[in-house]
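Participant: Could you have a look at this structure, given as structure tokens, before my questions?
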Amino acid sequence: MSATINEVLMEARGVGKRFGGVQALKDVSLTIRRNEIYGLIGPNGAGKTTFFNVLTGLYQRDDGDVLFEGNVLNLTSPHEVARVGIARTFQNIRLFGNMTAMENVMVGRHVRTHQNVIGAIFRTKAERAEEAAIRRRAEELLHYVGVADRAQDLAKNLSYGDQRRLEIARALATDPKLLALDEPAAGMNATETAGLRTLIEGVRADGLTVLLIEHDVKLVMGLCDRVAVLDYGQKIAEDVPAVVRANPKVIEAYIGTSTH
Amino acid sequence: MDIFIQQLINGLTTGSVYAVVALGYTMVYGVIQLINFAHGEVVMIGAMVAFSVIVSLAGSGLPPLAIVACGIIAAIPSCMIIGYFLERVAYRPLRHAPRLAPLITAIGMSIILQHLALLVWGRNPIAFPQIIDNPSFAIGGASITGVQIAIILLCFAMMAALTWFVFRTKFGIAIRATAEDVRVAGLMGINANAVIAATFVIGAALGAIAGVMFGTYYGIVHYTMGFILGLKAFCAAVLGGIGNIAGAMVGGILLGLVEAMATGYIGEITDLCRWPGGGTSFLVERCADGGNFVLFGSNYQDVFAFLVLILVLVFRPSGLLGERVAERA
Amino acid sequence: MANFITSLDKKNKLGLALIAVALIVLPFVLASAGTAWVRILNFAILYVFLALGLNIVVGFAGLLDLGYIAFYAVGAYVYALLASPHFGLHLPFWVIIPIGAAVACVAGMVLGAPTLKLRGDYLAIVTLGFGEIVRVFMNNLSNPINVTNGPKGITLIDSFKIGSFDLGKSDVFGGLIFSGPIKYYYLLLIVLLAVIVINKRLQDSRIGRAWVAIREDEVAAKAAGINTRNIKLLAFAMGASFGGIAGGMFAAIQGFVSPESFVLTESTMILAMVVLGGMGNIWGVIAGALLLSFVPELLRYTVQPVQEALFGHAIIEPEVLRMLIFGIALVLTMRFMPAGLWPEARHRREMEAKREGKK
């Protein structure tokens, strides 16, 4: 492991979010370090996805700050979040169904490319070069996640597991520093989950930081460097998996909900 | 001041009609988030049916109010059937289609209804026969006609009845529950299809009465009247906050007033001869002897509703009483 | 374009050559049946042009624009005002057409900016209202200063001229009579070719992909880093400019504009062309536009005589029938084949892939 492992990439300070009278998040503070795989778990309705949406600009937070690479993020739109280097996937996969797998990934390059209408109409040299680069990068990424053989198929026709992988490829196409995955293993069988695990480890090995929201506690405990637990919108634990697993509060939160 | 009171009365009259038509848009939108573009045409058909009945009964010797009542009674079921048909045949099959599909279908239905009306009633407008003497009462320097009083009273009565229905009856609660969440309402044992169909039918019934009143107020009905009336009523619904029943009422009346005031005063306001410095060389001749140089006259009446719509969308897209309307995540 | 041609095999090249020859000879064939047919063909090409413009907005980006004809009107009036005796201005067309496009584009942005961040339905209703407003202004801006000449419209509009070469007048080249409409036909053909190439290139570009992504899933498009508001505005402005250019050409070819030409039904007709042909598919839209532009003529020559033979007079006017057909086409297309008669190429690609898979 490199020396940068302890450098903080993203930090949430006292983040709060209300929906009407419901306090969905309360005073959530956590730090994600560069190049780690960080897990965020919690029972249903604990506020995981809300936190995720606040982080990725889909919701505006009501309290607190989010710092990314030391700067306070004050972004009002998800596309700006993508620009600073946070890419996400969705719990219920959101692909561009009537575009090919290849095109889906190419869309991810949008934020890192610049050609405008004029370039497109006149097919300028710069435009052709950029377009070729986009295509090359998209091909690489399709290989990387393992759906290269389906490149020309419509996204909606891919198998569930392939769709998950394609969504990751699209997120990676934005050149993120932080890859945020919202329940990527949801609905996957054991083989698919194992493949996903390899993929996430590969992403980290290539120098990215991964934020993983998961229901599958086994996957999180086996994969993550550190884990935070949310319950009723509050953080109840944050540490390495072995410590979190032994935390009585965490056990209570999980057992407490499972008996309902 | 006379103009002011007069326009206040006129605005209240058209405004209450807009409000009732706007209820049709807003109820449907509240439940299934669809702009029923064809609603204006339903209103038009109600007016056409009623006027056909009224014209054919004009020489029958029945009392005038009974004739008008017959017209309305014929219009209501006709519109309810069309409203039901629209929902059942055009929109229901598309409930899970991409958003663009029902919108385009709505446009298609609007064209079909308008041209069917053209086939049935022809290109010529139908005039309200001279069966009622319309008494006029003086208020200040202005006047209010019996028809205006009737329209305003009837519209307010309908709004009150609908409010009671939606907030006090079991079926009204079902409508509001469906508006909150179609799926959950279904799980609670509410027949969502029936509720959705009902909003179309109720909106159409209200629209039918509004159409008759609108036609009576202006004295004629025409197969194209639904377009602009529908557009304005939609503006009213957005002004009040679309999906919100009270909002449609407030928005409709407010829009009627804004339109009446703007129409009443725009000629004066944009008359360059009345502006300070109106004596510039090319104006001197025009302005001499009480002449005028009106940039925009009352013939721009139909523009105001639309301007209101744009302003609302820029500054308060959720409308006066509405919740936020930006695309939900 | 060059790549495109070299990439074709011999058989396709022959086919392409045949189509080219047919398109070149076509106006003369039609002219032998009457110059009116050449005019009809020219207006059909203008409709194709408009449908392709609207396709950028509705087909690519998935934004429902119901007042598209207003931008056409803006382009037409800009041309009419700057090239007619009305103001005594006679600017050359290559100056006016870009002005018209720019004015239409600005109108589109002014209209789109407040609405595009909201739900798509608002855009539909705002554009619908805009179409109506433009008509109110065309009808009433004759007082106190006569700008539009009101419902009477503007006449004696200049035709396209390059030096002494006037596209509005007949010329004889090599023994062949090139009437005004025939000359305009060739101009339109060239412009149409350019428009098709532009559309195709936009579709295959970074911007085109962003449009389709927004149409498919706006939230995901945002998360993938697309500034959806700007990209939507761009689609809207591009569509509006296309409408403005087409409007200018319409004014020149027709020599006369009035508010009558820009009614709501025209907007709906163009929408029907795009929807019926296949939203997003350039070739489908072209086919849809040609099909629906010839429907009125078809009805005139079929339904009218049939009705007269049966009932002695026409019960349903062709105009009404035409609108009914458009309305029904919109409803049925959305219900039974939402991708249109000629669905977008990727759908077809998908079908082919499936078929090959079965073999």
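The values are calculated or read from the model by the stated rules, or taken from the named source; none is laboratory data. These numbers were taken from a predicted model, which means no experiment stands behind them. No Cβ is skipped: glycine too gets one built from the backbone with ideal geometry, and neighbour counts run over all protein chains shown. We work out accessible area using only protein heavy atoms, side chains counted, and drop any ligands, DNA or RNA first. Shrake-Rupley method; radii C 1.70, N 1.55, O 1.52, S 1.80 Å.
Participant: Give me the net charge of A:R135's neighbourhood, meaning all other residues with Cβ under 13 Å from the Cβ of A:R135; Lys, Arg count +1, Asp, Glu -1.
Facilitator: Working: positive: A:R109, A:R128, A:R136, A:R137, C:R206, C:R209; negative: A:E103, A:E127, A:E130, A:E131, A:E139, A:E140, C:D204.
Net local charge, A:R135 excluded: -1.
Participant: Can I ask one more? Enter the accessible area per residue of chain A (Å², integer; probe 1.4 Å; all protein chains in place).
Facilitator: Details: 11020 Å² over 260 residues.
With all protein chains present, chain A gives 42 Å² per residue.
Participant: For B:T145, what residues show an amide H to amide H distance below 5 Å, using hydrogens built from the backbone and excluding near sequence neighbours?
Facilitator: Correct list: B:F137.
Participant: Need the per-residue list for the stretch B:220-239: every residue with at least 50 Å² less accessible surface in the complex of protein chains than in the chain by itself, probe 1.4 Å, sorted by number.
Facilitator: By number: B:F227, B:L231.
Participant: Calculate, for the stretch C:167-273, the solvent-accessible area per residue in square angstrom, rolling a 1.4 angstrom probe over the heavy atoms of the protein chains.
Facilitator: 30
Participant: From Cα pairs below 8 angstrom and at least 6 apart in sequence, can you work out the relative contact order of chain A, rounded to a whole percent?
Facilitator: 27
Participant: Here is a further query. What residue among A:G161, A:G14, A:G70 shows peak mean-square fluctuation when chain A is described by a Gaussian network model with Cα springs under 10 Å?
Facilitator: A:G70
Participant: Related question: Anything over 32 Å Cα to Cα? Flag those among C:K13/C:K183; A:K17/C:K117; C:K169/C:K200; A:K156/A:K235; A:K156/C:K10; B:K170/C:K117, in the order listed.
Facilitator: Result: C:K169/C:K200; A:K156/A:K235; A:K156/C:K10; B:K170/C:K117 exceed 32 Å.
Participant: Go ahead and estimate [θ] at 222 nm for chain C from helices alone: -39,500 (n - 2.57) per DSSP H run with n ≥ 4, summed, over the residue count, rounded to 500.
Facilitator: -24000 deg cm²/dmol
Participant: What list of ³J(HN,Hα) values in whole Hz, one per residue of the stretch B:141-153 in order, does the Karplus curve 6.51 cos²θ - 1.76 cosθ + 1.60 (θ = phi - 60°) give from phi, with Gly and Pro shown as x?
Facilitator: Rounded to whole hertz, the list is x, 10, 9, 10, 8, x, 4, 4, 4, 4, 4, 4, 4.
Participant: I'd like the mean, over residues of A:89-98, of how many other protein chain beta carbons sit within 10 Å of each residue's own Cβ.
Facilitator: Numbers: counts 2, 5, 0, 0, 1, 8, 5, 10, 4, 12.
Shielding by partners across A:89-98 averages 5.
Participant: With the full set of protein chains in place, find how many percent of the accessible area of the stretch B:2-251 is carbon and sulfur; take the probe as 1.4 Å.
Facilitator: Carbon and sulfur together cover 69 percent of it.
Participant: Excluding C:R135 itself, what net charge comes from residues whose Cβ is under 12 Å from its Cβ, given Lys and Arg +1 and Asp and Glu -1?
Facilitator: After counting each charged neighbour, the total is -4.
Participant: Express the relative contact order of the stretch B:2-251 as a whole percentage, based on alpha carbon pairs under 8 Å and six or more residues apart in sequence. Write down the numbers at each step before the final one.
Facilitator: On the way: 397 pairs, mean separation 107.9, N = 250.
Taking the mean separation of contacting Cα pairs over the length of the stretch B:2-251, I get 43 percent.
Participant: Ranked highest first by average number of other Cβ atoms within 10 Å, how do B:161-171, A:184-194, C:15-25 line up?
Facilitator: A:184-194, B:161-171, C:15-25
Participant: In terms of Cα to Cα distance under 20 Å, which lysines are near enough to B:K232, apart from those fewer than 8 places away along the same chain?
Facilitator: Once the sequence-local lysines are set aside, nothing remains near B:K232.
Participant: Next question. Can you give the % of DSSP beta bridges in the protein assembly as shown that are antiparallel, to the nearest 5?
Facilitator: Taking every DSSP beta bridge within the protein assembly as shown, about 70 percent pair in antiparallel fashion.
Participant: Ranked highest first by the average count of other Cβ atoms within 10 Å around their residues, in what order do C:317-328, C:165-176, A:120-131, C:41-52 fall?
Facilitator: By packing density, highest mean first, the sequence is C:41-52, C:317-328, A:120-131, C:165-176.
Participant: Which of A:R137, A:R33, A:R170 ends up with the largest GNM mean-square fluctuation for chain A, with Cα atoms connected below 10 Å?
Facilitator: A:R137
Participant: Explain nothing, just compute: Karplus ³J(HN,Hα) = 6.51 cos²θ - 1.76 cosθ + 1.60, θ = phi - 60°, for every residue of the stretch A:20-28 in order, whole Hz, x for Gly and Pro.
Facilitator: x, x, 8, 8, 6, 9, 9, 6, 8
Participant: Pop out the ³J(HN,Hα) list for the stretch A:144-149 in order, Karplus 6.51 cos²θ - 1.76 cosθ + 1.60 with θ = phi - 60°, rounded to Hz; leave Gly and Pro as x.
Facilitator: Couplings: 4, 8, x, 10, 4, 6 Hz.
Participant: Is the protein assembly as shown rounded, prolate or oblate when judged by the Cα gyration tensor, a ≥ b ≥ c being the square roots of its eigenvalues, rounded requiring a/c under 1.5 and prolate requiring a/b larger than b/c?
Facilitator: The shape class here is oblate.
Participant: Taking each residue of C:258-266 in turn, how many C-beta atoms of other protein chains fall within 10 Å of its C-beta, and what is the average?
Facilitator: Average per residue, whole number: 1.
Participant: Rounded to the nearest 100 Å², what's the accessible area chains B and C bury against each other, both chains counted, probe 1.4 Å?
Facilitator: Adding both sides of the contact gives about 4300 Å².
Participant: With the solvent-accessible surface defined on protein heavy atoms using a 1.4 Å probe, which residues belonging to the stretch C:89-126 display a reduction of at least 50 Å² in accessible area in the multichain context relative to the isolated chain?
Facilitator: Relative to the lone chain, where solvent access is computed with a 1.4 Å probe, the stretch C:89-126 loses at least 50 Å² at C:P114, C:L118, C:R119, C:D121, C:Y122, C:I125.
Participant: With every protein chain present, what is the per residue accessible area of the stretch B:2-251 (1.4 Å probe, Å²)? Present the calculation step by step, with values, prior to reporting the outcome.
Facilitator: Numbers: 9430 Å² over 250 residues.
Normalised by residue count, the accessible surface of the stretch B:2-251 is 38 Å².
Participant: Which whole number gives the average, over all residues in C:127-138, of C-beta atoms from other chains lying within 10 Å of the residue C-beta?
Facilitator: 4
Participant: Whenever you get a sec, compute what percent of the accessible area on the stretch A:160-206 sits on carbon and sulfur atoms (1.4 Å probe).
Facilitator: Summing carbon and sulfur atoms, their accessible area is 50 percent of the total for the stretch A:160-206.
Participant: Same structure, new question: How big is the A/C interface in buried accessible area, both sides summed, 1.4 Å probe, to the nearest 100 Å²?
Facilitator: Summing both sides, the interface buries roughly 3000 Å².
Participant: Here is a follow-up. Find the sum over both chains of the accessible area lost when B and A are paired, probe 1.4 Å, and report it in Å² to the nearest 100.
Facilitator: Working: alone 16140 and 12540 Å², together 28560 Å².
The buried area between B and A, both sides summed, comes to about 100 Å².
Participant: Next question. State whether chain C is rounded, prolate or oblate according to the following rule on the C-alpha gyration tensor (a ≥ b ≥ c being the square roots of its eigenvalues): a/c under 1.5 gives rounded; otherwise a/b larger than b/c gives prolate, and the remaining case gives oblate.
Facilitator: On the way: a/c = 1.33, a/b = 1.13, b/c = 1.17.
Since a/c stays below 1.5, the shape of chain C is classed as rounded.
Participant: Anyone know which of A:N35, A:N104, A:N116 comes out most mobile in the 10 Å Cα GNM of chain A?
Facilitator: Checking each option, the largest mean-square fluctuation is seen for A:N116.
Participant: Would you please give the residues with an amide H less than 5 Å from that of A:K235, counting only those at least 5 places away or on a separate chain, with H modeled from the backbone geometry?
Facilitator: The answer is A:S29.
Participant: Same structure, new question: Heavy atoms only, probe 1.4 Å: what % of the accessible area of the stretch C:22-262 goes to carbon and sulfur, would you let me know?
Facilitator: 68
Participant: Please tell me the relative contact order of chain C in percent, rounded to the nearest whole number, where contacts are Cα pairs under 8 Å and at least six residues apart.
Facilitator: That works out to 27 percent.
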